[in-house]
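Some notes on the structure that comes next.
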Amino acid sequence: MASRDSQRSGASNAPPDSIEALFAAKEIVIACGSGGVGKTTTAAAAAAMAAVRHGGKVLVVTVDPARRLANALGLDGFGNVEKRVPPEAFKSSGVRPRGELWAAMLDTKQSWDDLVRRHAPDPETVSRILANPLYQNISGKFIQSHDYIAMERLYEIHSEGNFDLIVVDTPPTRNAIDFIEAPQRMAEFFSSRLLRLLIAPYRSRMVNMASRPFYQVADRVLGSQFLQDIAEFFILFQTMYSGFVERARAVERLLRDRRTTFVVVSTLEAAPVREAEFFIQVLTQKKFHLGALVLNKVLPDYLLDDAAEARAARLCDDAAELARTDGLAEFLETDEAQLVRVLAEVGENFRNFAVVARREAGLRRELEGRPDVVVTVPEFDADIHDLPGLLRLGERIWT
């Protein structure tokens, strides 16, 4: 993409001062945060803005099973295969994008099947793995499978080189930690002592006396056929061990590459802030690039205005006097007693919101300075459910 290449070639080593500048310098952006903070819509909105402003081919990928992203982008649905958002979808916003916006959602089962076909040593092993009853039952639920395959899919898409920017919407925060660590954990599991213990009797007819009681109990509890399926499953998978290890190292390098950045999304409520702080700490400790913090549903700055709060206090304290203002009650088509209650309630509500706004401002100050960019986004009057809404959100995030 000419525009992205020219932006990079002219870039300085100074940290970016906006989401727009950050995205211009990166090829992979991984959005993370706790549930319910607007992470999915933030990722989609930022990707849409990149397609509109920067051009090139932009892909947003969700590993969260929620279907909100497809609905917001005006797509009937999508899966492992990337699907383009039609240019006509931008017309309702009066926008003509410079580039293309694409979307995909991780299909765990399909991705595992593709991985087996890619890494298995021969067609016979592929067939045996895909036909294994245990694989068929748990390939979509196997420990770390969702997180590991998401990393595999991200690496594969990036390696194909079809997109200039990939924006990834991860599961909620602590699962996103698994998302990062999954490749190494998977490699460690396939070389673990537990796995060797499980498959040992099926590699050899000789079982030592110490381990025999374990297998006798396991046979009675689980059934010998089930144990045999487990052993065959892992024996077959171990034929792909070198591929797992090699890919885990490659994924780790990609996550730490200067072309990759992380964006933490949160609100300023107590629980999401704790999750955001936790993730910021983990990213910092592991030396991943923390590019931005997006704070959603932030109360407006006018609530921090001392003069405004003084007027709110006057509404509370002098409501009765203000209600007697000539013609005011008549103009509002109410009686004086009701007007007193309304004025006092309005003033009290403003003061309560001001207290929360000051608390939020304090939290913002504590969080600022850790990532390169901190963006605050107000709460919108309506839920975002379409592309015009995503672009409105994107405008607030972008600069």
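Structure values in brief
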read-out	value
Packing-based exposure ordering (other Cβ within 10 Å, fewest first) of Leu106, Leu165	Leu106, Leu165
Gyration tensor verdict on the range 319-399 (Cα atoms; rounded if a/c is under 1.5, prolate if a/b is larger than b/c, oblate otherwise)	oblate
The range 225-299: C-alpha gyration tensor shape, a/c 1.5 cut-off, then a/b vs b/c	oblate
The range 303-364: radius of gyration over Cα atoms, expressed as a fraction of 2.2 N^0.38 Å	1.31
Sites matching GluC sites (Glu not before Pro) across the range 306-336 that sit in DSSP coil, with at most 14 neighbouring C-beta atoms within 10 Å	Glu333
FRET efficiency, 1/(1 + (r/R0)^6) with R0 30 Å, evaluated for Ser18 and Val81 via beta carbons	0.40
Sorted by Cβ density within 10 Å, fewest first, the residues Arg258, Arg185	Arg258, Arg185
Of Lys83/Lys287; Lys26/Lys286; Lys39/Lys297, those spanning more than 22 Å from alpha-carbon to alpha-carbon	Lys83/Lys287
Fully extended contour minus Cα-Cα distance, from Gln338 to Lys109, at 0.36 nm per residue	76.2 nm
Rounded FRET efficiency, nearest 0.05, which uses the C-beta distance separating Ala250 from Ala271 and R0 of 45 Å	0.80
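Taken together, the values in this text are just the output of simple stated rules run on the coordinates, not laboratory data. Worth saying up front: this structure is predicted, and the values here are computed from it rather than measured. Heads up, the Cβs are rebuilt from the backbone with ideal geometry, glycines too, and the neighbour counts pull from every protein chain shown.
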